[in-house]
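The values are calculated or read from the model by the stated rules, or taken from the named source; none is laboratory data. Just so you know, these numbers come straight off a predicted model, no measurement behind them. Note that each Cβ is placed from the backbone with ideal geometry, even for glycine, and that neighbours are counted across all protein chains shown.
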Amino acid sequence: MAQIVVIDLGSQLCHLIARRVRELGVYSEVLPNTITPEDLNKIPGLKGIILSGGPASIYEASAPHIDKGILSLGIPVLGICYGHQLLAQYLGGAVEGGMRKEYGHTVLELTQEGQGSPFYSGLSKDQDVWMNHGDIVKSLPAGFMITATTHNSPVASFEEPVKRIYGVQFHVEVTHTKNGIDMVRNFVSRICKADPDWSMDDFVEEKIAAVRKMIHGKRAILGLSGGVDSSTCAALVGKAIGKDLTAIFIDTGFMRKGEPDEIKSAFSSWDIDLRMVDSSALFYERLQGVSDPELKRKIIGELFIREFEREAKKVDASFLVQGTIYPDVIESGSSTHASTIKSHHNVGGLPEEIGLTLCEPLRDLYKDEVRVVAAKLGLPDSLISRHPFPGPGLAIRIIGECTPSRIAIVKEANAILMEELDRSGFYHSTWQAFAVLLPIKSVGVQGDARVYKQTIVLRLVDSVDAMTANFTRVPYDLLERISTRITNEIREVGRVVYDITDKPPGTIEWE
């Protein structure tokens, strides 16, 4: 089986590169920057190497590096952003701080050499790409040629076709680079000659076998939230170990309106041991007076585990199955050189000792891949297409302290939003939608009288894999109906605003 290896140099988008390669039907995995040339040579079917981006400057003392011997293996290499700069420095070029940092969309202009490059095969001279860097490659190593430039980057891409070494300053892996997937395809198929011989069917069968081998003869518990991640996990692990799996729904009090009843109805007929546990009073108590979002996540994460441990003792479970996916791991700062964006309750929020062995069969997948697996496992479309919902629930959709009264406000606002999106047929046109309660009040007029009430933010985004997202262009009449209902039906709310921030620079959730 052909394989493309991605070497992790600290980028939050590192695993998205592997995701793009897998999307083309070629297997890819992420390896640490400490990997040696000898270890790479042992990988069967290795066709290419991609160096990721990263937040560091190559001149920082703690900046990540690779074994230079990797560049002498005779295997095609592509450097992205930091990886592009690292290649230039290693091979004799020069890297320096740019006069201006380059973030966001920019126009890439292919040089004459670039227009004849296999990397840009089939693409026009001008390309809309996405940049995120401060340093730039100032001069190239001997024998290399510039294949593209931008206003701020005189060497926006380069190559040495004989050695098959390529570097790009921009990020080909994000959807913001309009033809990025075509560039990845050109590298994988034209330059690396990697055949598309891997599919999600392989993943499903391999994971079922791996889980069966891991848990065989013992019992496992799974936290079932009703979202696509945990539901897919339940289906996959259920196929592997059957009734040795106990699915537990912990009601934290921060779930969507009516969710406990919906979960019970949806899963009571499944051939698994389903248990409903109301722990809302405990979660409210522990979060009293807590406003910091990271602390909220960590408290919720630890309480989740402690509640699971308590339930596990009742079934003598040895394993905790979690629906952790790639974005959870990446944003929680799992990479040595990556920055922590936010701790996810099932990753960065885990206590050091949990008393159970973790089983995370979806850890290598993105949200869209999880949905593919869910379909292959026969889950209903109502679960597969459901909007993502964060593990900490509505607790991170309240900016500030999570009191029962504030939870009630955001819960009702979310319910109204979902009802109107579903009624208008817009629910399936957007990737994720939710309401956020701000810790501020504003002046308004209701019934010819001055009022001073809470503010709700509506957040709707379009995405594929949760790593990048654009705010959704919602019809004004739909926004007006949602706003009118929220301010009319929730007496504490007097103003509704709409968030038009993309990811990046923002994140999808507010906390």
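Write out, first by first residue and then by second, each pair whose Cβ atoms fall under 8 Å of each other, whose residues are 6+ apart or on separate chains, and whose first residue, in the range 293-314, is surrounded by 21 or more Cβ atoms within 10 Å (Cβ to Cβ) while the second is of a type in the set (K, R).
Close Cβ pairs satisfying both conditions: R297/K342; L303/R286.
Would the range 205-217 turn up any residue that is part of a loop (DSSP other than H, G, I, E, B), surrounded by fewer than 18 Cβ atoms within 10 Å (Cβ to Cβ) and not assigned by TED's automatic domain parsing to the domain that holds L87?
Within the range 205-217, one or more residues are part of a loop (DSSP other than H, G, I, E, B), surrounded by fewer than 18 Cβ atoms within 10 Å (Cβ to Cβ) and not assigned by TED's automatic domain parsing to the domain that holds L87.
Under the condition of being hydroxyl-bearing (S, T, Y) and within 15 Å of G167 (Cα to Cα), which residue from the range 42-83 is nearest to the chain's Cα centre (by Cα)? Show your work before the answer.
First, the residues of the range 42-83 that are hydroxyl-bearing (S, T, Y): 52, 57, 59, 62, 72, 82.
Now narrow it down to the ones that are within 15 Å of G167 (Cα to Cα): 52, 82.
Values: S52: 16, Y82: 20 Å.
Top of the filtered list is S52.
Identify the residue in the range 446-464 that is in contact with a strand residue (DSSP E or B) (Cβ under 7 Å, 6 or more places away or on another chain) and more than 25 Å from I407 (Cβ to Cβ) and, among all such residues, is surrounded by the fewest Cβ atoms within 10 Å (Cβ to Cβ).
Result: R450.
Return the total of residues in the range 390-418 being surrounded by 21 or more Cβ atoms within 10 Å (Cβ to Cβ) and either polar (S, T, N, Q) or within 23 Å of the chain's Cα centre (by Cα) (or both). It would help to see each step written out before you state the result.
So in the range 390-418, the residues surrounded by 21 or more Cβ atoms within 10 Å (Cβ to Cβ) come out as 390-398, 402, 407, 409-411, 413-414, 416-417.
Of the ones still in play, those that are also either polar (S, T, N, Q) or within 23 Å of the chain's Cα centre (by Cα) (or both) are 390-398, 414.
Within the range 390-418, residues that are surrounded by 21 or more Cβ atoms within 10 Å (Cβ to Cβ) and either polar (S, T, N, Q) or within 23 Å of the chain's Cα centre (by Cα) (or both) number 10.
Mind checking which pairs have a first residue in the range 419-445 that is closer than 12 Å to I456 by Cβ and a second that is surrounded by fewer than 12 Cβ atoms within 10 Å (Cβ to Cβ), Cβ under 9 Å, 6 or more apart or different chains?
From the range 419-445, the pairs are K441/Y452; S442/Y452.
Could you run through the range 485-509 and say how many residues are buried (at least 18 other Cβ atoms within 10 Å of the Cβ), at pLDDT 95 or above and of a type in the set (A, V, I, L, M, F, W, C)?
Selection size over the range 485-509: 4.
Can you pull out the strands (runs of 3 or more DSSP E) entirely within the range 90-192 that have at least 2 residues that are surrounded by fewer than 23 Cβ atoms within 10 Å (Cβ to Cβ) and either on the phi < 0 side of the Ramachandran plot or without any contact (Cβ under 8 Å) to a residue 12 or more places away in the chain (or both)?
Where strands (runs of 3 or more DSSP E) fall fully within the range 90-192 and carry at least 2 residues being surrounded by fewer than 23 Cβ atoms within 10 Å (Cβ to Cβ) and either on the phi < 0 side of the Ramachandran plot or without any contact (Cβ under 8 Å) to a residue 12 or more places away in the chain (or both), they are 94-110, 126-139, 145-149.
Can you tell me which residue in the range 417-474 is farthest from H15 (Cα to Cα), limited to those that are in a strand (DSSP E or B) and of a type in the set (G, A, S)? Lay out the reasoning, then the answer.
Initially, the range 417-474 is screened for residues in a strand (DSSP E or B), giving 432-446, 449-463, 469-471.
Retained after the next criterion (residues that are of a type in the set (G, A, S)): 433, 435, 442, 444, 449, 463, 469.
Working: A433: 25, A435: 29, S442: 42, G444: 46, A449: 54, S463: 16, A469: 16 Å.
In this case the residue turns out to be A449.
Which ones in the range 419-431 are buried (at least 20 other Cβ atoms within 10 Å of the Cβ) and out of contact with any Phe, Trp or Tyr (no Cβ under 7 Å at 6 or more places or on another chain)? Explain how you work it out, then say what you get.
At the first step, the residues of the range 419-431 found to be buried (at least 20 other Cβ atoms within 10 Å of the Cβ) are 420-421, 431.
Scanning the range 419-431 gives E420, W431.
Can you work out which of the residues in the range 235-253 that are over 22 Å from F283 (Cα atoms) and without any contact (Cβ under 8 Å) to a residue 40 or more places away in the chain is surrounded by the most Cβ atoms within 10 Å (Cβ to Cβ)?
The residue in question is A240.
How about the range 1-78: which strands (runs of 3 or more DSSP E) wholly inside it have at least 3 residues that are surrounded by fewer than 20 Cβ atoms within 10 Å (Cβ to Cβ)?
On the way: elements: 3-8, 27-32, 46-51.
Correct list: 27-32.
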